Structure formats: structure tokens, C-alpha cells
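The values are calculated or read from the model by the stated rules, or taken from the named source; none is laboratory data. Source: prediction; values computed, not measured. Positions of Cβ are generated from backbone atoms using ideal geometry, with glycine treated the same way; all protein chains shown enter the neighbour counts. For the accessible areas, the whole protein counts, side chains as well, though only heavy atoms, and no ligand, DNA or RNA atoms are used. Shrake-Rupley method; radii C 1.70, N 1.55, O 1.52, S 1.80 Å.
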Amino acid sequence: MSIENSGKPVTLTIDGKPVQAHSGEFLLAVAQRAGITIPTLCHHPALEPYGGCRLCVVDVTEEGWDGWCKMVIACQFPVKEGIIAFTASERVIETRRVVLDLLLARCPDTPLIQRLAREYGIEKTSYVPNPNPTDCILCALCTRVCDHIGVSAIATVNRGIGREVAPPYHQPPPDCIGCLACAEICPTDYIPYTTSSTSRTIWGKSFEMLRCPTCGRAHITVEQARHFAGHGGVSEDYFTTCDACKRKQMAGTFQRLQGVLPAAAPPAR
Amino acid sequence: MSASCSVDLTPAEKVLERYPAEEASLIQVLQDVHRAYNYLPCEVLVRVAETLHVPLAKVFSVGTFYKAFSLTPQGRTIVKVCTGTACHIRGAVQLLDELCRQLNVEPGGTTPDLGFTVKTVNCVGACAMAPVLIVDETYYGNAAAAKVGKYLKGSGGKADAN
Ligand code: SF4
Ligand code: FES
Ligand code: FES
């Protein structure tokens, strides 16, 4: 999320501590900067806030509100001068407990949710546990990261209790480039994939791998290289060498420039 | 893609011509296309995605989100039974049972001749007339299971069971 530093400087209070920020910044970011932890499940600093999990609820009040508080989600609440936030009031904790209780009902076997629930004193959900347990908490991190890199191969489909993350028609997604971003960002490791030195499979689609000419490691799919070359305006060749080898080559170049290493022989043509 | 359909894309092209080729047109286009085909065939969704430059996953997401859209062929006549609280209390279940019995379909199902689709809805805002049954655009208040055949006859589809 782009932090709107363009806003004017403001002072607010979080858990009794005066904190500097810029108006319009989201409360979650401000709190994190001040070293105050607010639990989140659907937030990722590289993506627009989504407000899907409601775990980051906090209480906010202002001078003159007579102690009246409103409950907001920190990840999408823009701060302004003088607000007073409570990130761990009794009401806030109780609300988070309800959120986690519901999540635990949906995902009774998911370690991340079990751990968070336990932190809030919940060992077992007080609701009827999902008869078909899933590890997906519908945080939409996967679909949002897929959108973010300009692919949008997957999306949430259906609604209500039938809502799920899936490719169109539950078929191998034509737009998928096999980058694994969705699987890697998933907080519950719900998205299965396989990857080896020769091929990769995710969402039922198989990909051929490019090998780094220097170290021989298969590090990127052909479709990935094509996609990023198309978007980044660089040639596909740029992606054939893996990042680690590229870094080494770059370091070598710098050292040569600084005269630490002798100049390399010109590459044989 | 799934379904082995070979759908005529002409009606979809006609709809698409009327709207700017951008994401903001998506729901309008889907509504018009749905009217033209009475459902959203997969080939049509693919064409809509291409023409509006919207990822197919987004089109599929929207197409599966709204109850107004169906991804499977629907009957020429849509019969809805309100199963909201008021209608439920006043006999929606019997109404639905009788309707499904006469048409020989499950709730949500479509007769094999594509004559009728039976749907349930949650409160149509006419609770005073509960239970409510809707045949296409015609609302029947205080609907009785015994009159289901009559309601269906007033419709465009063939009610062969009566
Ligand atoms: S698959 Fe993972 S990342 Fe995607 S919505 Fe579910 S939990 Fe979140
Ligand atoms: S982190 Fe704020 S709602 Fe999920
Ligand atoms: S419950 Fe059927 S109209 Fe309201």
C-alpha cells in the first residue's frame, strides 16, 4: 500500500502513546511503525488493504466524544489529527475472539488459525465446526497478488458459504504463468503445487522451466519470463540467468570497476 | 473449457458492439448477454473477457457471484418460490414440493425440455401476500399448492404434467 505521506503531519494517540503520522495514512501502518502490534490475516504491505478478515479491529475515539468509541479496522482506517485508538481494549479483544471463533469453525484443522485462536483463549470453536474443513480463510491474498502482477488467473467464485478461490470453470487457468506467487503468499499453505528441475504444476496446469545457463538451476517458467519481459520492457533473455547468478555477475562487475579484480577476458563470440 | 457447446456468438457480438470495451461495461454486458441466451455460455464469457479486456477469472467471478446469472441453460419460464421467513411459515415448503413434483425437478433445477426452471428466493418484499410464487414476472400471492398447475398454465412454457 502506498503510504500517503502527502498528508499533513498529525499527532494521534495509540494505547496512550503519542504517535506522529501523516493524515490519511492507515492506522495499521502507523501503529506498526510505533512498535504496536495489531493482528492481521488479510494484510500484506505490498498489496492494497482489503478489509476481509476483520481481525485488525481497534477502538477509536476523539476528544469530545464523551468516551464513546467506534470500532474500525486498522488496515483501512485513515488517521487524522487527535484521534485516540485502543488496540487491545476489552471490547476489541472480545470482537477478535468472535472473529477467530468463526474462523476456527470454518477451518478447525488449520494450524495458523488454531494458534491465533489459542492466543485469544479459544481451544475449540463454540460454533458448529465445518463438516468439510478447509484451510482457506478467504483472505484473497492469492487473488490480489495475482491481480497485482497483472495476471489475474484466479479469482473468488460463488458467494456466501459457497465462496472459494478458483480458476475459471475450475479448469487449468489459461492466464496462469506458474509463478507460485499465490501459493507463496497464502498464509495457510492451502494452494498445492509441485516444482522440480524440469517442470512445475499449479492449478492443474503444467509449465516448462527455464534453466539458468550459469548454474543450471531451473528457476522460472517459460511463461513467467514471457510475462515479465512483456510487462517490464526487458528482453526475455534477461530472465534466463537466475537471480543468484545475476547478483554474482553484478558483484564481479563492480569489483572489476573498482579495480579489485582484473578485467575479464572479452567473451568469446 | 468444459461443456461441449458450440454456441452462436452473433447475439453476444451484437451486445458487445453497444458498449465501450472496458471493465466498467462488464455487468451491463453480462445482463444483456444473459437475456439473449437465457444463461451465460462459457464461449460467450470467453468472448466477453477478450473484448472488454477483463481477465476471464474476473468475468467468471462476477458471473458466479450474482444470483441473476446462470452458467447453465435455464428454462424459458422461471418459477420462483419465496422461501423467506413469512412465506416459509405460511407454507412455502408445500408449495415448492408440489411445484417440483409436478415439473419433476429439484429446486434450482430445469426441466429437460428447457420449459421451466425452479428457483427459491429469500423474501421478495411482499410478505403480506405470503406465500408468494412468481412465474416469470407474474406474482401470485397467497399461493396454494393445489393451484400450482393453474399458475404454471398461465405461463409461456408447456406444463405437460397437468
Ligand atoms: S487460498 Fe490462501 S491466500 Fe487464497 S484466499 Fe485462501 S487462505 Fe487466502
Ligand atoms: S487485516 Fe484488516 S481486515 Fe484483515
Ligand atoms: S418472506 Fe416471502 S415475501 Fe417476504
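Quick look at the numbers
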| read-out | value |
| --- | --- |
| Enumerated strands (runs of 3 or more DSSP E) restricted to segment A:27-95, each holding at least 1 residues that are under 18 Å from the mean Cα position of the chain (by Cα) and within 11 Å of ligand 2 (Cβ to nearest atom) | A:70-73 |
| Given (1) surrounded by 19 or more Cβ atoms within 10 Å (Cβ to Cβ); (2) under 23 Å from A:His22 (Cβ atoms); (3) in contact with a Gly (Cβ under 8 Å, 6 or more places away or on another chain), index of the condition A:Thr61 fails | (1) |
| Matching residues in segment A:199-225 - criterion: being in a loop (DSSP other than H, G, I, E, B), modelled with pLDDT of 90 or more and among the small types (Gly, Ala, Ser) | A:Gly204 |
| Subset of segment B:87-109 [on the phi > 0 side of the Ramachandran plot and open to solvent by less than 100 Å² (accessible area, probe 1.4 Å)] | B:Gly91, B:Gly108 |
| Positions within segment A:79-121 being of a type in the set (Phe, Trp, Tyr) and either crowded, with 21+ Cβ neighbours inside 10 Å or over 30 Å from A:Thr11 (Cα atoms) (or both), in sequence order | A:Tyr120 |
| Residue match in segment B:57-76 (condition: more than 14 Å from every other protein chain (Cβ to nearest Cβ), among the β-branched types (Val, Ile, Thr), open to solvent by 10 Å² or more (accessible area, probe 1.4 Å) and out of contact with any helix residue (DSSP H, G or I) (no Cβ under 7 Å at 6 or more places or on another chain)) | no |
| Some residue of segment A:189-199 being among the acidic types (Asp, Glu) and within 21 Å of the chain's Cα centre (by Cα) | yes |
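Residue by residue, here is whether (1) in a loop (DSSP other than H, G, I, E, B); (2) touching a Cys at 6+ places or on another chain (Cβ under 6 Å); (3) open to solvent by 30 Å² or more (accessible area, probe 1.4 Å) holds:
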residue: A:Asn132; (1), (2), (3): yes, no, yes
residue: A:Cys136; (1), (2), (3): yes, no, no
residue: A:Cys142; (1), (2), (3): no, yes, no
residue: A:Asp147; (1), (2), (3): no, no, yes
residue: A:Pro172; (1), (2), (3): yes, no, yes
residue: A:Asp175; (1), (2), (3): yes, no, yes
residue: A:Ser197; (1), (2), (3): yes, no, yes
